[in-house]
1. For residue 12, are the conditions met, namely being over 18 Å from residue 147 (Cα atoms), assigned to a loop (DSSP other than H, G, I, E, B) and at pLDDT below 90?
2. So, residue 83, is that one exposed (fewer than 13 other Cβ atoms within 10 Å of the Cβ) and modelled with pLDDT under 95 or not?
3. Under 6 Å by Cβ, and 6 or more places apart or on different chains, what pairs join a residue from the stretch 130-145 that is of a type in the set (S, T, N, Q) with one that is crowded, with 18+ Cβ neighbours inside 10 Å?
4. Which members of the stretch 102-132 meet the condition of being of a type in the set (Gly, Ala, Ser) and in contact with a Lys or Arg (Cβ under 6 Å, 6 or more places away or on another chain)?
5. Restricting to the stretch 109-133, name every residue that is buried (at least 17 other Cβ atoms within 10 Å of the Cβ) and more than 13 Å from residue 97 (Cα to Cα).
6. The conditions are (1) without any contact (Cβ under 8 Å) to a residue 24 or more places away in the chain; (2) assigned to a strand (DSSP E or B), and residue 86 fails exactly one of them. Which is it?
7. Find the residue count for the stretch 91-113, including only residues that are acidic (Asp, Glu) and under 30 Å from residue 55 (Cα atoms).
8. Residues of the stretch 58-97 being among the hydroxyl-bearing types (Ser, Thr, Tyr) and within 19 Å of residue 127 (Cβ to Cβ), which ones?
Amino acid sequence: MTADDKTSASPASAQVASAPAAAAAKPATPGTTIEESVFYEGGPARGDLVVNLLFGLTLIGLPFAVGAVVRALWLRYRITSRRISVSGGWLGRDRTQVVYSQIREVRCVARGLGFWGDMVLVLTDGSKLEMRSVPRYREVEAYIEERRQAKGGGSRKPATSQGFGGGDALSA
């Protein structure tokens with residue numbers, strides 16, 4: 001267990017806070033804990049499970065239903081004022097933690113008519129952290145961008161509209 005795992009956090013339900021309070025950033029001295037406020041703690045969107053279970057009534061949708069059940073049982077997100085923690089994998093044993101200064105870019109895709117979405121955090125070392133079926137993902141994305149700016153993560157790079165083949169893909 002690291003010193004980061006021993007930090008204190010306020011209890012939170014599985015909802016996104018409407019007005020998150022930013023924790024005061026004080027230098028840590030040995031033997032003290034750093035306050036960490038929780039913005040979101042919970043699993044994937046319930047709508048994702050419901051839609052995939054309905055789709056699972058068909059033979060084609062069965063693998064999607066199994067995937068949604070596994071995500072609902074073992075995937076947990078915790079987004080705080082200091083870091084993003086994703087617990088998942090078989091029986092929820094894998095844990096990944098990312099601090100905001102490691103995030104280079106945030107990419108989002110709407111799912112379920114915009115009620116939930118998938119997020120990909122591109123890290124400074126080039127690796128990616130996928131977050132599937134994040135409820136109220138627009139608020140979560142805004143919070144991550146706000147914390148990233150506060151931690152000195154730089155500005156978000158605008159997406160290009162050139163596509164896969166560059167500018168001359170249709171010139172034939």
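The values are calculated or read from the model by the stated rules, or taken from the named source; none is laboratory data. Source: prediction; values computed, not measured. Neighbour counts run over all protein chains shown; Cβ positions are idealised from the backbone, glycine included.
1. Judged against the criteria, residue 12 is a match.
2. Against the criterion (exposed (fewer than 13 other Cβ atoms within 10 Å of the Cβ) and modelled with pLDDT under 95), residue 83 does not qualify.
3. 133/44; 133/45; 133/48; 133/116
4. Within the stretch 102-132, just 117 meets the criteria.
5. Once the filter is applied, which keeps residues that are buried (at least 17 other Cβ atoms within 10 Å of the Cβ) and more than 13 Å from residue 97 (Cα to Cα), the stretch 109-133 yields 111, 116, 117, 118, 119, 132, 133.
6. Among (1) without any contact (Cβ under 8 Å) to a residue 24 or more places away in the chain; (2) assigned to a strand (DSSP E or B), residue 86 violates only (1).
7. Residues flagged as acidic (Asp, Glu) and under 30 Å from residue 55 (Cα atoms) within the stretch 91-113 amount to 1.
8. Result: 77, 85, 87, 96.
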